[in-house]
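K.L.:
First, the structure itself, so that you have it in front of you.
Coordinate-derived values only; no laboratory data. Owing to the predicted nature of the structure, the values given are computational and were not obtained by experimental measurement. With ideal geometry, Cβ positions are generated from the backbone for all residues, glycine too; neighbour counts draw on all protein chains shown.
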Amino acid sequence: MVRGLAPVLLSVMLFLQSAQALQIGEKALDFSAPALLTPQPIQLADHSGQVVYLDFWASWCGPCRVSLPSLDALYHEFKTAGFSVLAVNVDADIRDAKRFLQTRPVNYPLIYDAEQRLPKLYGVKGMPTAYLIDRRGVIRHIHEGFRPGDEARLREMVRSLLAEQIQ
């Protein structure tokens, strides 16, 4: 087990050193990536004009066990008002992600990115990390980790962004 873990840790360290993190106030970078459960690719541009919560997660991530169901509740609460969640899974084996979702099913779009192209593009440093993107495509909040009570704070941020007028 330890021998197999060393290459993974090395790759994570190299990934963290090379990542250029996007910041609040910057435009979110568009992408097209394969969906986890359906054959159609998912594009950020398809959610233009919506408030988007772009979430990076993995099956081995403890806080993700809490965040995915909480995000699903927010998605159901605000989807008709123009809110979308896009969740990017970075597991090396897609079967791990699918097993995780059997016990924590969600209804928002899921992306599979074993090569971690999107986390590198956004400069993600840990799991879970999410970018709250306004209707103009600007990153307004970066959420790292997930703890009890985070859902209430996110709900208020989403509500506030949905109330903003596009200019």
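K.L.:
Rounded to the nearest Å, what's the spacing between the alpha carbon centres of region 113-155 and region 39-85? Just the number, please.
P.N.:
Their Cα centres are 10 Å away from one another.
K.L.:
Hey, another quick one. Near residue 27, which aspartates and glutamates are there with a Cα under 13 Å away, not counting those fewer than 8 places off in the same chain?
P.N.:
Within the straight-line cut-off, residue 27 pairs with 134.
K.L.:
Quick one: if you stick a label point 7 Å off each Cα along the C-beta vector at residue 30 and residue 164, how many nm between them?
P.N.:
Between residue 30 and residue 164, the simple spin-label model gives 2.0 nm.
K.L.:
Here's something else I'd like to know. Residue 41: net charge of surrounding residues, Cβ under 14 Å, Lys/Arg +1, Asp/Glu -1, itself excluded?
P.N.:
Neighbour charge sum, excluding residue 41 itself: -2.
K.L.:
Let me have the relative contact order for the chain, percent, based on Cα pairs under 8 Å that are six or more residues apart.
P.N.:
So the answer I get is 31 percent.
K.L.:
Kindly write out, for region 76-85 in residue order, the coupling ³J(HN,Hα) from the Karplus curve 6.51 cos²θ - 1.76 cosθ + 1.60 (θ = phi - 60°), rounded to whole Hz, with x marking Gly and Pro.
P.N.:
Listing the rounded values in order: 5, 5, 10, 4, 6, 8, x, 10, 9, 10 Hz.
K.L.:
Can you give the Kirkwood hydrodynamic radius for region 80-128, in Å, rounded to one decimal and based on Cα pairs?
P.N.:
For region 80-128, the Kirkwood estimate is 12.0 Å.
K.L.:
Right, something else. Which aspartates and glutamates does residue 98 reach when only Cα atoms under 14 Å apart count, and residues fewer than 8 places away in its own chain are ignored?
P.N.:
113
K.L.:
Still on this structure: If you take every DSSP beta bridge fully contained in the chain, what fraction is antiparallel? Give it as a percent rounded to 5.
P.N.:
60
K.L.:
I would also like to ask the following. Can you figure out the FRET efficiency of residue 92 with residue 46, using R₀ = 30 Å and their beta-carbon distance, to the nearest 0.05?
P.N.:
E(calc), rounded to 0.05, equals 0.65.
K.L.:
Helix 150-163 against the longest principal axis of the chain: what's the angle in degrees, Cα atoms only, rounded to the nearest 10?
P.N.:
So the inclination is approximately 40 degrees.
K.L.:
When ranked by the protection proxy of mean other Cβ atoms within 10 Å per residue, highest first, what sequence do the peptides 149-161, 74-86 form?
P.N.:
Final packing ranking: 74-86, 149-161.
K.L.:
Put a dot 7 Å past each Cα toward the Cβ at residue 136 and residue 21; how far apart are the dots in nm?
P.N.:
Between residue 21 and residue 136, the label points sit 2.4 nm apart.
K.L.:
OK, next. How big is region 43-167 along each principal axis, measuring the range of its Cα positions in Å and listing the largest first?
P.N.:
The Cα atoms of region 43-167 stretch 42, 28, 23 Å along their principal axes.
K.L.:
In debye to the nearest 20, how big a dipole does the chain give about its Cα centre with +1 on each Lys and Arg Cβ and -1 on each Asp and Glu Cβ?
P.N.:
The calculation lands at about 200 debye.
K.L.:
Then there is this: Given H placed on each backbone N at 1.01 Å, which residues far from residue 84 in sequence or on other chains put an amide H within less than 5 Å of it?
P.N.:
51, 52, 53
K.L.:
Would you calculate, for the chain, the mean residue ellipticity at 222 nm contributed by helices, counting each DSSP H stretch of 4 or more residues as -39,500 (n - 2.57) and dividing by all residues, to the nearest 500?
P.N.:
That calculation yields -11500 deg cm²/dmol at 222 nm.
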